[in-house]
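J.: Let me begin by handing over the structure; questions about it come next.
Every number here is computed from the coordinates shown, using simple stated rules; none is lab data. All figures in this text were calculated on a predicted structure; none of them were measured in a lab. Neighbour counts run over all protein chains shown; Cβ positions are idealised from the backbone, glycine included.
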Protein chains: 2
Amino acid sequence: MAVVQPLAGVRVVEISSFVAVPLAGMTLAQLGCEVIRVDPIGGAADYHRWPVTDDGASIYWAGLNKGKRSVSANMRSPQGQRLIQRLIIESGPRGGILVTNAVGREWHSYHTLAEERPDLIHLEVPGRADGSTGVDYTVNAATGFPLVTGPADHATPINHVLPAWDVACGLYAALGVVAALRHRDATGEGSRIRLPLENVALATAGNLGFLTEAMVNGTQRERLGNSIYGQYGQDFTSSDDVSFMIVTLTGRHFRDLTEVTGTTKVVAALSEALGADFTDEGDRYRHRDALTGLFTVWFREHTAAEITAALSATSILWDRYRTFLELAGDPRVTANPMFTSLHQPRVGDYLAAGLPMSIGGSHPPAAPAPAIGDDTAAVLRERLGMSVDEITVLTESGTVATGSAEEAPG
Amino acid sequence: MAVVQPLAGVRVVEISSFVAVPLAGMTLAQLGCEVIRVDPIGGAADYHRWPVTDDGASIYWAGLNKGKRSVSANMRSPQGQRLIQRLIIESGPRGGILVTNAVGREWHSYHTLAEERPDLIHLEVPGRADGSTGVDYTVNAATGFPLVTGPADHATPINHVLPAWDVACGLYAALGVVAALRHRDATGEGSRIRLPLENVALATAGNLGFLTEAMVNGTQRERLGNSIYGQYGQDFTSSDDVSFMIVTLTGRHFRDLTEVTGTTKVVAALSEALGADFTDEGDRYRHRDALTGLFTVWFREHTAAEITAALSATSILWDRYRTFLELAGDPRVTANPMFTSLHQPRVGDYLAAGLPMSIGGSHPPAAPAPAIGDDTAAVLRERLGMSVDEITVLTESGTVATGSAEEAPG
């Protein structure tokens with residue numbers, strides 16, 4: 001089946017580092033855009049970020065820059081700046097798009113670029129709304145989440161490991177670009193979009209009710225361990241020390257849980273003793289510790305294999321906890337059509353994820369990430385019509401670097 | 001300044017519950033789409049979800065359904081199903097869009113609807129790629145993240161509190177719809193998009209390197225508490241028991257941290273004693289515990305106010321941890337133009353977030369969420385040209401419910 005690339009022909013320049021904007025650019029590339037990531041000579045601060053291979057190549061960088069082209073230039077020199085400006089401006093009717101987290105640089109600001117390209121789509125990602133810096137870890141600290149994560153008796157904050165705000169911000173950024181593109185197609189107008197990383201976190205804390213609960217009720221949810229707020233959901237451990245997450249969102253889920261654990265009668269007795277109505281999610285939540293005490297017995301007396309077999313025959317929502325190493329060999333990865341075998345120079349061969357959505361039944365597959373400057377010469381030739389001699393002059397003057405130059409010592 | 005709504009005029013129907021698809025629909029509404037959320041009479045399983053007000057109104061539901069219209073119908077009856085089909089199909093050239101997490105229902109499948117609306121854009125979100133169920137909590141258990149979250153000496157999984165996979169999935173879904181819309185504008189072709197929640201988690205675990213590290217190196221990152229993997233970043237506590245998150249991504253950040261904590265000389269001595277190069281992020285990471293021991297002294301000996309003043313004068317990335325209650329009163333919320341005062345029926349007046357991006361300098365503001373069925377009569381009249389008598393027949397037969405009917409007892 002042919003792979004549908006809904007944004008084929010669209011040209012994007014990305015001046016970025018770390019997670020949010022690189023993810024935005026990669027997602028646009030997965031949808032068919034030609035994305036050029038521009039980096040300083042030698043790479044930005046994220047080019048060697050961990051995890052790395054035994055040889056020191058960044059697995060992280062390769063993961064977030066799949067399918068892009070790489071141009072490397074001295075962005076402190078007027079000549080280098082002008083070349084990048086031209087790549088943004090002289091990119092045809094479906095170009096004129098910049099995404100960047102390098103804010104406050106006059107030479108690639110909206111106003112500077114829109115003078116020459118009035119239909120410019122310019123999306124920038126500052127750390128915070130006031131323009132100050134912020135990264136996922138610091139933004140997260142201020143959101144309230146780390147103080148309600150982890151065991152109820154834990155006193156200090158627990159950070160998330162997934163940089164969730166970066167991920168959400170990158171996806172909002174890709175969405176902003178595509179919405180602006182459609183607006184431009186319909187009206188001819190460009191867009192100036194500003195998406196502070198911290199705003200993503202604050203809006204989400206509000207949208208999900210955590211922040212609104214504090215505003216409206218004057219209270220906030222407690223620290224609950226792995227219990228689900230307002231529902232009955234809990235983790236359990238099997239007799240052979242495997243952890244399971246169990247979720248019941250409906251009355252049917254909950255009835256199935258009491259049946260499979262053989263607690264239907266004792267739960268009914270508990271309901272009567274407490275005056276609780278366990279058909280109500282609020283009552284299941286309020287009395288979660290008593291319920292967990294009853295269910296725990298069954299989990300502790302059964303092996304992971306027995307639990308898996310029993311739960312599979314019910315409506316209960318559940319899964320067993322897995323490590324990254326276990327997940328890497330699990331059929332949900334190895335037999336998943338979203339993952340394709342990728343030969344990634346510098347890193348090796350592995351199963352790499354394409355776009356998580358299939359379009360018309362197929363997943364846009366993963367494509368390798370470039371090394372810094374791999375495409376400098378080709379892009380200058382194709383986009384700006386430069387000759388080999390012109391490119392050599394730019395290389396020798398240190399205005400740009402090509403992939404081979406980047407690999408050289410020094 | 002006029003608010004730019006890049007997707008004004010686009011019509012979307014959403015058949016959804018919980019987080020991912022409701023967030024997708026709300027985000028599309030924030031970009032200007034007219035979004036109709038369709039629910040069973042009385043509401044779906046998420047209509048009373050916690051947090052709730054003292055009166056039992058769902059703050060959660062209001063948060064994820066802002067700016068939508070609500071139609072309520074008996075989706076088990078052929079008449080109710082046909083009405084919803086017509087709302088999707090007979091919605092003009094910029095309609096014909098369905099987003100749903102109710103998978104496997106033949107009456108609103110791609111194939112059924114595309115027979116009457118060949119340019120249909122149909123996006124469905126199953127739990128897992130194989131079509132089986134899954135929710136954020138169970139998907140997350142299998143990703144590897146809970147086993148590396150929290151204190152290094154903790155033995156059992158720690159779940160995230162933010163439903164990060166739902167949020168990312170909702171944003172991917174909105175992106176998929178807008179990309180498909182542009183594709184349809186350009187080619188006339190519709191799209192069938194399938195976005196399993198679990199694929200979002202697996203792709204992200206791969207994109208960020210966690211899963212790839214396991215595949216390529218055969219190792220996985222350790223449980224690190226609040227340390228940042230591969231960098232120097234750590235939480236600290238002040239003399240008055242306020243927690244701070246500190247991040248150093250560059251040599252300059254790290255030098256500033258040693259200067260502000262008065263440890264420049266002792267860090268240099270440590271570097272020599274260990275043979276470590278603290279200009280290298282890997283060495284800063286490897287020796288993080290020794291470094292943290294040195295920096296901790298300064299934090300313990302200063303108040304939060306003193307620490308705040310000192311860090312503000314440096315390049316260091318930092319923030320203090322806040323509770324949801326503290327955040328609700330913080331200027332980053334109360335003075336942030338993304339938040340506007342919203343009168344939300346049933347819930348009250350509060351500061352609600354609009355879209356986290358500004359477009360042309362303004363944020364699309366927050367709009368109230370409907371009650372179930374609030375717009376049933378208006379939508380049937382406007383979209384399907386029904387008379388008051390026709391709508392009364394449908395209401396009396398239980399095929400649809402209007403807002404006022406929904407409020408009635410029973």
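J.: Given the DSSP H assignment, sum -39500 (n - 2.57) over each helix run of at least 4 residues in chain B and divide by its residue total; what's the result at 222 nm in deg cm²/dmol, nearest 500?
T.: Calculated mean residue ellipticity at 222 nm is -11500 deg cm²/dmol.
J.: Each label point is 7 Å from the Cα along the Cα-to-Cβ direction; what then is the distance between the points at B:Thr303 and A:Arg105, in nm?
T.: Modelled inter-label distance: 4.2 nm.
J.: Averaged across orientations, what area in nm² does the convex hull of the alpha carbons in region B:206-320 project?
T.: For region B:206-320, averaging the hull's shadow over all directions gives 7.7 nm².
J.: Return the percentage of antiparallel bridges among DSSP beta bridges fully within chain B, rounded to the nearest 5 %.
T.: Antiparallel bridges: around 50 percent, rounded to the nearest 5.
J.: Right, another one. Taking a point 7 Å out from Cα toward Cβ as the label site, list the nm distances between B:Ser397 and the same residue in every other copy, smallest first.
T.: Distances between equivalent label points, in nm: 7.8.
J.: Enter the Cα centre distance for the pair region B:191-251 and region A:1-37, rounded to the nearest angstrom.
T.: 23
J.: Now, a different point. Tell me, what does the Kirkwood hydrodynamic radius of chain B come to in angstroms if you use every pair of distinct C-alpha atoms?
T.: Computed over Cα pairs of chain B, the Kirkwood hydrodynamic radius comes out at 24.5 Å.
J.: Additional query: Pop a pseudo-label 7 angstrom from the Cα along the beta-carbon direction at both B:Ala155 and B:Thr187 and give the gap in nm to one decimal.
T.: Between B:Ala155 and B:Thr187, the simple spin-label model gives 5.6 nm.
J.: Another question, if that's okay. Placing a label point 7 Å from Cα toward Cβ, how far apart in nm is B:Pro337 from its equivalents in the other copies, listed shortest first to one decimal?
T.: Spelled out, the distances from B:Pro337's label point are 4.6 nm.
J.: In addition: Just to confirm the numbers: A:Arg286, label point 7 angstrom along the Cα-Cβ line, distances to the other copies in nm, shortest first?
T.: Inter-copy label distances (nm, one decimal, shortest first): 5.7.
J.: Compute the convex hull volume of the Cα atoms of region B:78-213, divide it by the residue count, and report the result per residue in Å³ as a whole number.
T.: Spread over its residues, the Cα hull of region B:78-213 gives 128 Å³ apiece.
J.: Another question about this same structure. Restricting the count to DSSP beta bridges whose residues both fall in the protein assembly as shown, what percent are antiparallel, rounded to a multiple of 5?
T.: Close to 50 percent.
J.: Return the ratio Rg/(2.2 N^0.38 Å) for region A:355-394, where Rg is computed over Cα atoms only.
T.: Working it through for region A:355-394, the quotient is 1.83.
J.: Right, another one. Could you compute the net charge surrounding B:Leu342? Neighbours are other residues with a C-beta less than 9 Å from the C-beta of B:Leu342; K and R count +1, D and E count -1.
T.: Around B:Leu342, the surrounding residues sum to 0.
J.: Along the Cα-to-C-beta direction of A:Thr133, a point sits 7 Å from the Cα; which residues of region B:298-324 have their amide N less than 14 Å from that point?
T.: Under cut-off, by backbone N: B:311-319.
J.: Right, next: Take the Cβ-Cβ distance between B:Thr112 and A:Ala269 as r, set R0 to 41 Å, and report the resulting FRET efficiency rounded to the nearest 0.05.
T.: Efficiency, from the Cβ-Cβ distance: 0.30.
J.: Put a dot 7 Å past each Cα toward the Cβ at A:Asp240 and A:Thr334; how far apart are the dots in nm?
T.: Roughly 1.8 nm, to one decimal.
J.: Right, next: Got the relative contact order for region A:198-321 handy, in percent, Cα pairs under 8 Å and 6 or more residues apart?
T.: 31
J.: Taking 4 °C and 1.567 mPa s as the conditions, I'd like the Stokes-Einstein D for the protein assembly as shown in µm²/s, using the Kirkwood hydrodynamic radius from alpha carbon pairs. Kindly include the intermediate steps, with their values, before the conclusion.
T.: Details: Rh = 27.6 Å.
Rounded, D is 47 µm²/s.
J.: Can you compute the charge dipole magnitude of chain B about its Cα centre, using +1 on each Lys and Arg Cβ and -1 on each Asp and Glu Cβ, nothing else charged? Give it in debye, rounded to the nearest 20.
T.: Charge dipole, chain B, about its Cα centre: 700 debye, nearest 20.
J.: Which one, A:Leu87, B:Val148, B:Ile15, projects farthest toward the positive side of the charge dipole computed for the protein assembly as shown from Cβ point charges (K/R +1, D/E -1)?
T.: Of the candidates, A:Leu87 comes out farthest on the positive side.
J.: Pick from A:Ala269, A:Ala29, A:Ala203: which residue has the top mean-square fluctuation in a GNM of chain A where Cα pairs under 10 Å get a spring?
T.: A:Ala269
J.: Under 13 Å between alpha carbons, and skipping anything fewer than 8 positions from B:Lys68 in its own chain: which aspartates and glutamates qualify?
T.: Cross-link targets: B:Glu14, B:Glu34, B:Asp39, B:Asp374, B:Asp375.
J.: A further question follows. From the residues A:Asn226, A:Ala174, A:Gly209, which one has its Cα farthest along the dipole of region A:157-239 in the positive direction, the dipole being from +1 and -1 charges on Cβ of Lys/Arg and Asp/Glu about the Cα centre?
T.: The residue sitting farthest along the positive end of the dipole is A:Ala174.
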